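The values are calculated or read from the model by the stated rules, or taken from the named source; none is laboratory data. Not measured: the values here are computed from a predicted model. Note: ideal-geometry Cβ built from the backbone for every residue, glycine included; neighbour counts use all protein chains shown.
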Amino acid sequence: MAKYLFIGSYTAEGAKGVLKDGGSRRRQAATEVVESTGGTLHDIFWAFGSDDFYVIAEFPDHAAAAAASLKVGSSGAISLRTVVTMSAEDLDAAAKLSPTYTPPGG
(Lines give C-alpha, C1' and ligand atoms only; values in the text may rest on other atoms or scores of the structure.)
Protein backbone atom coordinates (compact mmCIF):
# COMPACT_ATOMS: atom_id res chain seq x y z
CA MET A 1 0.00 0.00 0.00
CA ALA A 2 1.23 3.48 -0.85
CA LYS A 3 1.58 6.27 1.69
CA TYR A 4 0.28 9.76 1.07
CA LEU A 5 0.87 13.13 2.68
CA PHE A 6 -2.15 15.42 2.75
CA ILE A 7 -1.47 19.09 3.44
CA GLY A 8 -4.46 21.23 4.26
CA SER A 9 -5.73 24.62 5.27
CA TYR A 10 -9.09 25.37 6.85
CA THR A 11 -11.56 27.80 5.36
CA ALA A 12 -13.26 30.18 7.80
CA GLU A 13 -16.11 27.69 8.18
CA GLY A 14 -13.67 24.82 8.70
CA ALA A 15 -11.83 26.76 11.39
CA LYS A 16 -15.14 27.42 13.17
CA GLY A 17 -15.78 23.67 13.16
CA VAL A 18 -12.36 22.97 14.67
CA LEU A 19 -12.99 25.55 17.39
CA LYS A 20 -16.33 23.89 18.12
CA ASP A 21 -15.27 20.21 17.95
CA GLY A 22 -11.53 20.30 18.76
CA GLY A 23 -8.62 18.30 17.40
CA SER A 24 -9.67 14.92 18.76
CA ARG A 25 -12.92 15.02 16.78
CA ARG A 26 -11.02 16.03 13.63
CA ARG A 27 -8.62 13.11 14.12
CA GLN A 28 -11.62 10.78 14.51
CA ALA A 29 -13.20 12.15 11.32
CA ALA A 30 -9.91 11.76 9.42
CA THR A 31 -9.56 8.18 10.66
CA GLU A 32 -13.13 7.39 9.57
CA VAL A 33 -12.72 8.73 6.02
CA VAL A 34 -9.38 6.96 5.53
CA GLU A 35 -10.62 3.63 6.92
CA SER A 36 -13.85 3.81 4.91
CA THR A 37 -11.74 3.51 1.74
CA GLY A 38 -9.60 0.65 3.04
CA GLY A 39 -6.75 2.80 4.29
CA THR A 40 -4.93 3.41 7.54
CA LEU A 41 -4.36 6.80 9.17
CA HIS A 42 -0.79 6.88 10.46
CA ASP A 43 -0.76 10.34 11.98
CA ILE A 44 -2.19 13.82 11.86
CA PHE A 45 -0.36 16.96 12.91
CA TRP A 46 -1.73 20.49 13.28
CA ALA A 47 0.26 23.60 12.54
CA PHE A 48 -0.28 27.29 12.02
CA GLY A 49 0.87 29.51 9.23
CA SER A 50 0.18 28.72 5.59
CA ASP A 51 -0.72 25.07 6.43
CA ASP A 52 -3.13 24.06 9.18
CA PHE A 53 -2.60 20.31 9.20
CA TYR A 54 -0.61 17.39 7.81
CA VAL A 55 -2.03 13.87 7.48
CA ILE A 56 0.00 10.76 6.75
CA ALA A 57 -2.15 7.89 5.54
CA GLU A 58 -1.79 4.62 3.67
CA PHE A 59 -4.26 3.50 0.99
CA PRO A 60 -4.61 0.31 -1.04
CA ASP A 61 -4.40 2.27 -4.32
CA HIS A 62 -4.57 5.72 -5.89
CA ALA A 63 -8.33 5.43 -6.45
CA ALA A 64 -8.97 4.99 -2.71
CA ALA A 65 -6.71 7.95 -1.87
CA ALA A 66 -8.39 10.09 -4.51
CA ALA A 67 -11.86 9.12 -3.26
CA ALA A 68 -10.99 10.19 0.29
CA SER A 69 -9.36 13.39 -0.95
CA LEU A 70 -12.34 14.27 -3.14
CA LYS A 71 -14.81 13.60 -0.34
CA VAL A 72 -12.94 15.78 2.13
CA GLY A 73 -12.15 18.51 -0.39
CA SER A 74 -15.75 18.72 -1.59
CA SER A 75 -16.90 19.67 1.92
CA GLY A 76 -15.73 23.24 1.32
CA ALA A 77 -14.27 23.30 4.85
CA ILE A 78 -10.67 22.87 3.73
CA SER A 79 -8.23 23.35 0.90
CA LEU A 80 -6.23 20.15 0.38
CA ARG A 81 -3.04 19.12 -1.44
CA THR A 82 -2.01 15.50 -1.84
CA VAL A 83 1.56 14.19 -2.14
CA VAL A 84 2.19 10.58 -3.16
CA THR A 85 5.25 9.41 -1.22
CA MET A 86 7.80 6.72 -2.07
CA SER A 87 9.86 4.35 0.05
CA ALA A 88 13.62 3.85 -0.40
CA GLU A 89 12.79 0.62 -2.26
CA ASP A 90 10.47 2.51 -4.62
CA LEU A 91 13.26 4.96 -5.37
CA ASP A 92 15.71 2.08 -5.90
CA ALA A 93 13.34 0.54 -8.44
CA ALA A 94 12.95 3.91 -10.20
CA ALA A 95 16.73 4.37 -10.36
CA LYS A 96 17.05 1.01 -12.19
CA LEU A 97 14.73 2.10 -15.01
CA SER A 98 16.19 3.66 -18.16
CA PRO A 99 13.60 5.98 -19.68
CA THR A 100 14.33 7.67 -22.99
CA TYR A 101 13.87 11.41 -23.17
CA THR A 102 14.54 14.23 -25.58
CA PRO A 103 14.67 17.66 -23.93
CA PRO A 104 12.96 20.63 -25.58
CA GLY A 105 15.09 21.81 -28.49
CA GLY A 106 17.23 18.67 -28.22
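Looking only at residues of the range 48-106 that are assigned to a helix (DSSP H, G or I) and among the acidic types (D, E), we find that the one that is nearest to A2 (Cα to Cα) is D90. Screening R25 on (1) surrounded by fewer than 17 Cβ atoms within 10 Å (Cβ to Cβ); (2) touching a residue at least 40 places away in the same chain (Cβ under 8 Å); (3) of a type in the set (K, R) shows it passes everything except condition (2). For the range 46-74, taking the residues that are hydrophobic (A, V, I, L, M, F, W, C) and within 19 Å of T11 (Cβ to Cβ), the one that is farthest from the chain's Cα centre (by Cα) is identified as F48.
Just to verify a result, which residue in the range 14-59, among those that are of a type in the set (S, T, Y) and in contact with a Leu (Cβ under 9 Å, 6 or more places away or on another chain), is nearest to T85 (Cα to Cα)?
Out of the qualifying residues, it is Y54.
If you go through the range 23-47 and keep only what is part of a strand (DSSP E or B) and hydroxyl-bearing (S, T, Y), you end up with just T40.
Within the range 93-106, how many residues turn out to be modelled with pLDDT under 95 and surrounded by 10 or more Cβ atoms within 10 Å (Cβ to Cβ)? So the answer is 0. Residues that are within 19 Å of R26 (Cβ to Cβ) and either acidic (D, E) or surrounded by 12 or more Cβ atoms within 10 Å (Cβ to Cβ) (or both) within the range 71-92 comprise K71, V72, G73, S75, A77, I78, S79, L80, R81, T82, listed in sequence order.
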